[in-house]
Amino acid sequence: MSVTETEPINLWFFLPASDPLGRDEVAGKLRFMAEKVELHWRRKGNVFRSDDEVMTKIDLPYGEIEHVELVKKWWKIRKIVLRVGDPTLVAEIPGVSMGKLELHLDQRSTLEAKRLVSFIDFRRSIFLLDEQTKLLTGLS
C-alpha cells in the first residue's frame, strides 16, 4: 500500500486508569485522515459509574503533532506515544500530561500501526511545505 492513499488509518487504543479503582480508564480511536487526525475518546464505565460517557472528538492538525513514537514489545507494536504542540487540545483527557499521549494499542490495531510512521511523516512534510510556501508568497 502506498503512503499517499486517501484511506484513513484507524487505531483503537486505551489509556489505563491512573488510580487503583479504575475511575479514569479511557478508550478511544485514532483516525489518521488526509488533512487531520481525529481523536475520539470516552471514559469507560466502572463500579462507581455504570454508564459509559459519550464519545468526544478532537481534531488535531498534522502541524500540531511534534513527535510520534512506536513502542514495541516482543516484535509487536504495543503503544504509541504522541506529543502534541498545543497541550490545551488534549488537556481534558485523563492520563495525558503536557500534550503527551501514551496510547496502548488494542490487539486489532497492531497491523495498522506499522503504516503509521511513514504516513505521519508524509503528511507533516506536506503541511510544513505548505507553511513555507505561504511565508514565501507573503514576502514577495
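The values are calculated or read from the model by the stated rules, or taken from the named source; none is laboratory data. The shown structure was predicted, so the numbers you read here are calculated from the model rather than taken from an experiment. Every residue, glycine as well, gets a Cβ built from its backbone with ideal geometry; the counts of neighbours run over all protein chains shown.
Given the residues Ile120, Ile93, Ile80, which is the only one that is within 16 Å of the chain's Cα centre (by Cα), within 18 Å of Phe13 (Cα to Cα) and in a helix (DSSP H, G or I)?
Just one listed residue meets the conditions, Ile120.
Of note, Leu129 does not satisfy the criterion of being of a type outside the set (S, T, N, Q) and part of a strand (DSSP E or B).
Per-residue answers, yes or no, for (1) over 26 Å from Phe122 (Cα atoms); (2) surrounded by 15 or more Cβ atoms within 10 Å (Cβ to Cβ); (3) free of Cβ contacts under 8 Å to residues at least 12 places away in the same chain:
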{"residue": "Trp12", "(1), (2), (3)": "no, yes, no"}
{"residue": "Leu21", "(1), (2), (3)": "yes, no, no"}
{"residue": "Val26", "(1), (2), (3)": "yes, yes, no"}
{"residue": "Lys29", "(1), (2), (3)": "no, yes, no"}
{"residue": "Glu53", "(1), (2), (3)": "yes, no, yes"}
{"residue": "Thr56", "(1), (2), (3)": "yes, no, no"}
{"residue": "Arg83", "(1), (2), (3)": "no, yes, no"}
{"residue": "Leu89", "(1), (2), (3)": "no, yes, no"}
{"residue": "Ile93", "(1), (2), (3)": "yes, yes, no"}
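Among the residues examined, Glu102 qualifies as among the acidic types (Asp, Glu) and surrounded by 16 or more Cβ atoms within 10 Å (Cβ to Cβ). The set of residues in region 30-81 being at pLDDT 90 or above and acidic (Asp, Glu) consists of Glu38, Asp59.
Glu112 meets the conditions (1) in a helix (DSSP H, G or I); (2) exposed (fewer than 13 other Cβ atoms within 10 Å of the Cβ) in every case but one. The failed one is (2).
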